[in-house]
1. For the residue pair Thr45 and Val60, what label-to-label distance in nm results when each label sits 7 Å from Cα along the Cα-to-beta-carbon direction?
2. Provide the per-residue ³J(HN,Hα) series for the stretch 19-30, in order, calculated from phi with Karplus coefficients 6.51, -1.76, 1.60 and θ = phi - 60°, each as a whole number of Hz, with x at glycine and proline positions.
Amino acid sequence: MDGAHLELWPTTSRFHRLPPELKGLVISHLEGDGTSLRSCALVCTSWAALTRPHLFRKVVCRPAVPMRTWSDFVVFLITSPDVARFI
């Protein structure tokens, strides 16, 4: 395919054609930019999977929210295995 036809493809289609290692490298450049990572996670399922390790790199326990307990956190982990594996 020549360059002229490639420009007609949506940007996300070109991103999907990259090897997973390169996609991960591109997403890793957004490390620390939570807003951009959350936006990328909404693009499609493959982007969401790439951003999860960066978005869930650390868990913050906020004692200022008294209605949440460790039991709530455990229930969250049990009911969200796609997230729990990153924690």
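Coordinate-derived values only; no laboratory data. Keep in mind the model is a prediction, meaning the values are calculated, not measured. Don't worry about glycine lacking a Cβ; one is built from the backbone with ideal geometry, like all the others, and counts go over all protein chains shown.
1. Placing both labels 7 Å along Cα→Cβ, they lie 3.0 nm apart.
2. Ordered by residue, 3J(HN,Hα) equals x, x, 5, 6, 4, x, 5, 4, 5, 5, 5, 8 Hz.
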